[in-house]
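Following: one structure in structure tokens, then a few remarks.
Rule-based calculations on the coordinates, nothing more; no lab input. Because the structure is predicted, anything quoted here is derived from the model rather than measured. Because the Cβ atoms are built from the backbone with ideal geometry, glycine has one as well, and the counts that use them run over all protein chains shown.
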Amino acid sequence: MIKKQINQNDIFRKEFLELVEDKYSFSISPINRTINKPKSLDKQLMLKNLKSKIEQIKDCELKNNATKIVFSDGKYNSPIMIVGEAPGEKEDVIGIPFVGEAGLLLNKMLNAIKLKRENLYITNLVNYRPPNNRKPEPKEIIRYSKYLKEHISIISPKILILMGSVAMEGLLGNKIKISKERGSWKEIIINNKTYQTIITFHPAYLLRLPDQKKYSWEDLKIIKKKIEELQLKI
């Protein structure tokens, strides 16, 4: 039996819960991490080109039924990149990810570990709202995952946060369960570069199942610790 210690983390967890109540690609070989980052102007151009490619997708039910593309939000030079699942109704109207109820909860979650949304980079696996907010189909996840990988390569984050099973499936396949994979660091390799990645529940899921918020708080503490270890300035 392990005796529970009352410490600052318990206090943080209590404060957090109160605040929010309203295919693997692993490698054990050393990876060259000295690849030069794209310059700011290059990043802007590459992001513009990527968005244009997505807008030119043909024969896509998602695109045909959506109001507009939902590409990204935040700072493109941020060391932290968050990937959600797909736009909802409000995101479809405004064209920005995470602006509905799930977005408000995300903001509270980030604030709980002293992060400001505007200092991060946020996108979704799928860039168009699925009809009736249904889950993207496997073929749609596969189709949009190639654009997500390009998106990640352009942003080149130090920390990659995947929120929800759809984002997880887009990069890691559908043979795994988010309940088992959340909360631990994984090394995902995209275009010969390794990204420190963590999986956690999507805020929309937490709105449906509030009792799962305690697990998301554990994930947030892990993310905060990694930020401190890497000495990231955000």
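Rounded to the nearest 20 debye, the dipole size of the stretch 39-230 about its Cα centre is 320 debye, using +1 on the Cβ of Lys and Arg and -1 on the Cβ of Asp and Glu. Under the rule a/c < 1.5 gives rounded, and otherwise a/b versus b/c splits prolate from oblate, where does the stretch 44-114 land using the Cα gyration tensor? Here the stretch 44-114 falls in the oblate category. The distance linking the stretch 199-213 with the stretch 147-169 is 19 Å (Cα centroid to Cα centroid, whole angstrom). Counting other Cβ atoms within 10 Å as a rough exposure proxy, the listed residues Thr197, Thr67 run Thr67, Thr197 from fewest neighbours to most. With the simple spin-label model, which puts each label point 7 Å out from Cα in the Cβ direction, the Lys180 to Asn133 separation comes to 3.0 nm. Using C-alpha pairs under 8 Å with a sequence gap of at least 6, the mean separation divided by the residue count of the stretch 151-232 gives a relative contact order of 30 percent.
The calculated FRET efficiency for Lys226 paired with Glu61, based on their beta-carbon distance and R0 = 30 Å, is about 0.20.
Between Lys214 and Lys51, what FRET efficiency follows from the Cβ-Cβ distance if R0 is 35 Å, with the result rounded to 0.05?
Here the calculated transfer efficiency is 0.40.
May I ask which of Lys108/Lys177; Lys158/Lys233; Lys48/Lys75 have a Cα-Cα span longer than 22 Å here?
Long pairs (Cα-Cα over 22 Å): Lys108/Lys177.
Taking a ≥ b ≥ c as the square roots of the Cα gyration tensor eigenvalues, the stretch 39-230 comes out rounded, since a/c falls below 1.5. Among beta bridges from DSSP that stay inside the stretch 39-230, the antiparallel ones total about 40%.
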